[in-house]
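Everything on this sheet refers to the single structure shown next.
The values are calculated or read from the model by the stated rules, or taken from the named source; none is laboratory data. Computed from a predicted structure; not experimentally measured. Methodologically, a virtual Cβ is constructed for each residue, glycine included, from the backbone with ideal geometry; neighbour enumeration extends over all protein chains shown. Please note that ligands, DNA and RNA were not included when accessible areas were found on the heavy atoms of the full protein model with its side chains. Shrake-Rupley method; radii C 1.70, N 1.55, O 1.52, S 1.80 Å.
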Amino acid sequence: MIKFDNVSKIYGDKHAVDHVSMNIKEGEFFVLIGPSGCGKTTTLKMINRLIPLSTGYIYFKDRPISSYKLDEMRWDIGYVLQQIALFPHMTIRDNIAQVPLMKRWSQADIDSQVDRLLNMTGLPAEQYRHRYPAELSGGQQQRVGVVRALAADPPVILMDEPFSALDPISREKLQDDLLKLQSEIKKTIIFVTHDIAEAFKLGDRICLMNEGRIEQIGTPEEFMKNPKNDFVKSFIGNMAGRIYYAENFATPLPFDPQFQVMPADTRMEEIYDLLQTHERINIESGDKYIGAITRSTVFTQLSKGGQPS
Ligand code: ADP
Ligand code: MG
């Protein structure tokens, strides 16, 4: 669906994106993740030509993006920004209707689409379509931002840290909605985040970037089972700056003395190393067994958002 072939973006003498090649499949939920400044936003914006490439090619449906008419392509690619960017003087309906209007949809088609999408994302259309953005909470506004990106039924949606400004409860709710929506509408979604828990929860596949380069691409399970190098290990162990310890991940499995014991305050990076060669690690706090960690329990904890202590 979207293919990067040796793509770089150079500012002065700095590679913001450095020889990136990857293939994003149709219908896939693809997450771009990495530390601040690693090139996520630049990568995303090159897809809909908000930023021109320095070298390489990006293909959209097997044609180089440069061969598309710009407007035509932008209509086929919805875009959701981190900051809420609704037009304050337009109703929610009119905010959502802009791209369908440009595409000359009929009034009736626009109205039914607006209502369908609002209802689908938990904002009953009857109640919300005539309101103004300021009459909605931040979480509801961001939800409208997502609906607006979906309005003209684009096959591809780009989302740049769309939930990072929200409180944890709204954020979790929107993640759940988006997963549900994705399973119903089957769009190709490219989602940028710097939060590994969010990446694990949402992504079919994850692309971890560092200094403009790809460190690893794979499913969440592949990241757990085969982190390719120390950077990947430390990124998943040290979830976006928060340090996780074994006690955060110990789950109440029955005690089994054949497995190695580690203390509760062991950093997860070390546990991931052990899980390469050990099936299960028993965790003790003081001398008391508090639970065990396996690759699959780690994965479950991570996809729940594994809260740090
Ligand atoms: P991320 O979204 O992962 O935080 P960005 O893609 O925004 O990272 O930026 C990648 C790198 O490119 C950063 O080092 C940033 O400072 C640099 N950069 C981004 N935009 C510009 C620009 N317009 N001019 C110069 N450098 C830029
Ligand atoms: Mg960014």
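With the simple spin-label model, which puts each label point 7 Å out from Cα in the Cβ direction, the Q260 to I169 separation comes to 4.2 nm. Think of each Lys and Arg Cβ as +1 and each Asp and Glu Cβ as -1; about the Cα centre, that makes the dipole of the stretch 243-303 roughly 180 debye. Charging the Cβ of each Asp and Glu at -1 and of each Lys and Arg at +1, and nothing else, the dipole of the chain about its Cα centre rounds to 880 debye. For T266, the residues 5 or more places off, or on other chains, whose built amide H falls under 5 Å of its own are A246, E247. Quick one: work out the % antiparallel among DSSP beta bridges in the stretch 2-238, nearest 5. Approximately 50 percent, going by the DSSP bridge assignments.
Near the amide H of Y79, within less than 5 Å, lie the amide hydrogens of L158, all on another chain or at least 5 residues away, with H placed in the peptide plane.
For the chain, the longest principal axis of the C-alpha atoms and the axis of helix 107-120 are separated by about 20°.
List the relative contact order of the stretch 199-297 as a percent without decimals, with contacts defined as Cα pairs under 8 Å and 6+ residues apart. For the stretch 199-297, the relative contact order is 22 percent. Across the stretch 118-274, C-alpha contacts under 8 Å between residues 6 or more apart give a mean separation that, scaled by the residue count, equals a relative contact order of 15 percent. Please give the helix 168-185 orientation as an angle from the longest Cα principal axis of the chain, in degrees from 0 to 90, rounded to the nearest 10. Tilt of helix 168-185: around 70 degrees.
Couplings 3J(HN,Hα) for the stretch 135-146, derived from phi with the Karplus relation 6.51 cos²θ - 1.76 cosθ + 1.60 (θ = phi - 60°), are 8, 10, 6, x, x, 5, 5, 5, 4, 5, x, 5 Hz, where x marks Gly and Pro. Since only P155, Q141, L208 are under comparison, the one whose Cα sits farthest along the positive direction of the charge dipole of the chain, derived from C-beta charges on Lys, Arg, Asp and Glu, is P155. Full extension of the segment from N23 to H278, taken as 0.36 nm per residue of separation minus the current Cα-Cα distance, would add 88.5 nm. Modelled this way, with points 7 Å down the Cα-to-C-beta line, the labels at Q107 and I185 are 2.5 nm from one another.
For the stretch 63-97, trypsin sites (Lys or Arg not before Pro) meeting the loop criterion (DSSP other than H, G, I, E, B) and having at most 16 other Cβ atoms within 10 Å: K69. Counting only alpha carbon atoms, the long axis of helix 92-102 and the longest principal axis of the chain meet at about 70°. Straight-line cross-link partners of K228 among the aspartates and glutamates, defined as a Cα under 17 Å from its Cα and at least 8 positions apart when in the same chain: E211, E215, E269, E270, D273. Spacing of the modelled spin labels on D153 and L81, each 7 Å from Cα toward Cβ, amounts to 2.8 nm. Residues in the stretch 243-303 average 51 Å² of solvent-accessible surface per residue, probe 1.4 Å, ligands and nucleic acids excluded. Only the Cβ atoms of Lys and Arg (+1) and of Asp and Glu (-1) were treated as charged; on that basis the dipole of the stretch 71-226 about its Cα centre amounts to roughly 260 debye. Annotation: D230 carries an accessible surface of approximately 110 Å², with a 1.4 Å probe and no ligand, DNA or RNA atoms counted. Cα-based radius of gyration for the stretch 2-238, normalised by 2.2 N^0.38 Å, reads 1.02. Within the shell of other residues whose beta carbon sits under 10 angstrom from the beta carbon of K40, the net charge comes to -1, with Lys and Arg scored +1 and Asp and Glu -1.
Checking the cross-link pairs K180/K233; K69/K187; K61/K201 against a 25 Å limit on the alpha carbon distance flags K180/K233; K61/K201 as lying beyond it. Within the shell of other residues whose beta carbon sits under 12 angstrom from the beta carbon of G218, the net charge comes to -1, with Lys and Arg scored +1 and Asp and Glu -1.
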